[in-house]
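Nothing in this text is a laboratory measurement; each read-out follows from the coordinates by a stated rule. Nothing here was measured: the structure is a model prediction, and the numbers come from that model. Note that we place each Cβ from the backbone using ideal geometry, even for glycine, and neighbour counts take in every protein chain shown.
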Amino acid sequence: MSEHLLPDAFTLSPIGIIESDYPDKFGIPRQPGLAPAARARLVLTPPYDDPLAVRGLEAFSHLWLTFVFHQSPERWTPLVRPPRLGGNARVGVFASRSTHRPNRLGLSLVELIEIDTRRGVRLVLAGADLVSGTPVLDIKPYLPWAESRPEARAGFAPEAPPQLAVVFSDEAAAALAKRPEGASLRELIVQVLAQDPRPAYRKGAESRTYGVRLRDVDVRFRAEATEAGTRLAVVDIVPA
């Protein structure tokens, strides 16, 4: 068997930075597309902000983004605990989409809404699952005929996670009503909380109140038990 000589390291430079509705990691859907109301902008940085670099991109509806989990520790573990397995069972890191992986690389499929080339290049995106400040390493157009495989097996995540009902207190509803973008913010809150962002080991009803930052607000919520099951109740929405 011949030996393959590999370099000790590769140098990668970000081509741009994400500005998104998610100031913090907590609450971000664990996969792209689960909160289509979420908006983000990919701001390309020099020298990659040349409009020539995105010529023809408007013909594609969706993009693959290769990015860095920059807020994750610079270490990896061979076994991880996927939230889809309740946060207890372990699988190999390469059988998961954990952030604690070699090189901290991530891949996200996003919808391209607009290309703004008035000042540099900004790509307006929908359904992104990226925290603000995320460095993006590459963009590639999505090709459904090559990359959509309905017959593929999906291991321990064969379908989208179940969603919880989300309700709003009178105080939270009043806070939304005062905002000019209250309708879109409400839609985003529902889509994010329906994924149940609480830690996997705390699923079910409990008295603790959580806070998730979305855009410029702190959304405070808690779980409630009903005859139909657990729901999440938004108890207040305050400036972040």
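Where does the charge balance sit around residue 184 when Lys and Arg score +1, Asp and Glu -1, over other residues with C-beta under 11 Å from its C-beta? Don't jump to the answer; show the numbers that get you there.
Numbers: positive: 39, 179, 186, 215; negative: 21, 181, 187.
Result for the local shell: +1.
For the peptides 125-137, 96-108, 181-193, residues were scored by their other Cβ atoms within 10 Å and the scores averaged per peptide; the highest-first order is 125-137, 181-193, 96-108. When only Cα pairs below 8 angstrom with a gap of at least 6 residues are kept, the chain shows a relative contact order of 25 percent. Estimated purely from DSSP H runs of n ≥ 4, each contributing -39500 (n - 2.57), the mean residue ellipticity at 222 nm for the chain is -2500 deg cm²/dmol once divided by its residues.
If we count every other residue with Cβ under 14 angstrom of residue 131's Cβ, Lys/Arg +1 and Asp/Glu -1, where does the sum land? Show your work: numbers first, answer last.
Details: positive: 25, 30, 39, 41, 104, 213, 215; negative: 19, 21, 24, 129.
Residues close to residue 131 contribute a combined charge of +3.
What label, among (i) 0.96; (ii) 1.34; (iii) 0.99, belongs to Rg/Rh (Cα atoms, Kirkwood Rh) computed from the structure on display? Looking at Rg/Rh (Cα atoms, Kirkwood Rh) for this model, the match is (iii). When 30, 231 are sorted by how many other C-beta atoms sit within 10 angstrom of their C-beta, beginning with the fewest, the order is 30, 231. Amide H contacts of residue 79 (H built 1.01 Å from N, in plane; Pro and chain starts excluded): 93 sit under 5 Å, all sequence-distant by 5 or more or on other chains. Residues 64, 145, ranked from the fewest to the most other C-beta atoms within 10 Å, line up as 145, 64.
Positive contributions from Lys and Arg (+1) and negative ones from Asp and Glu (-1), summed over other residues with Cβ under 15 Å from the Cβ of residue 106, come out at +3.
Helix 182-193 and the longest principal axis of the C-alpha atoms of the chain enclose an angle of approximately 80°.
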